[in-house]
Amino acid sequence: MEKRNQINFATTGGLLIFFILYTIALMYIDVKPIGPRGSSVGFAAINEPVKHLLDVNMFLYNITDWLGLVAILVALGFAVLGLVQLIKRKSLFRVDSSILILGGFYLLVMAAYLFFEYNIVNYRPVLINNVLEASYPSSTTMLVMCVMPTAMIQFHRLIQNKTVRIAINTLFGVFTVTMIIGRMLSGVHWLTDILGGVLLSSMLFMLFYSVNQYVESKQSQQLDNSVKDQSSP
């Protein structure tokens, strides 16, 4: 189990390094003013032809924007679950560790979003309401890819009926993939924005998974030691 935890954290670190290097490359390699109002974006040789190929589909943009509320509602649902546990158990330390870790994870996702809102790497390939908006990484991609997979892990623990659990997790998986594809086809992000969102989300998810597995392994170890102590003469 310890080796598995080490692999999980090493994978998280690798994804973080990859994301940082990717972001730096995007800021300095093949940067050209191909966006609206002369805004620049890296990897222009890739982004420009993809932009012209996809064009802009505001219907898809609006649909994926509204469907992003589904992920927000899911996150709020777990926040309410944590609050209910806190009220019933009258102690923060008696709330399920997985829920507490999830709460910290949500705060980290929000911090990552705010960081790139104020430290803009590049702008959208289109004006939204005649305004240039930050586009990297795709916040909708990041939101969906962070909330839905972590919810699927929670459902594995909370839903006992296997058939129901598989059905819900399958639905969530399809929803996640559909949202990413829909966001790409809407044409409101550069291709590299979507890829950046996928990379950052993968790293954040791996961090959540790693911490969650580590805590669960420690709790299991403590339980085993407690049973051994009670059974020993």
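The order of Ser97, Ser202, going from fewest to most other C-beta atoms within 10 Å of their C-beta, is Ser97, Ser202. The length gained by stretching the chain between Ser39 and Trp66 to full extension, at 0.36 nm per residue less their Cα-Cα distance, is 7.0 nm.
Whole-Hz Karplus values for region 98-112 come out as 5, 6, 5, 5, 5, x, x, 5, 4, 5, 5, 4, 5, 5, 5 Hz, taken residue by residue from phi with 6.51 cos²θ - 1.76 cosθ + 1.60 and θ = phi - 60°; glycine and proline positions read x. Convex hull of alpha carbon positions in region 46-161: directionally averaged projected area 9.9 nm². Semi-axis lengths, largest first, of the ellipsoid equivalent to the chain are 39, 20, 15 Å, with √(5λ) applied to each eigenvalue of the Cα gyration tensor. For the chain, averaging the sequence separation of C-alpha pairs within contact (under 8 Å, six or more residues apart) and dividing by the residue count gives a relative contact order of 31 percent.
Computed from the coordinates by the stated procedures, all read-outs in this text should not be read as laboratory data. Keep in mind that this is a model prediction, so the values were computed, not measured. All Cβ positions, even for glycine, are placed from backbone atoms using ideal geometry, and neighbour counts span all protein chains on display.
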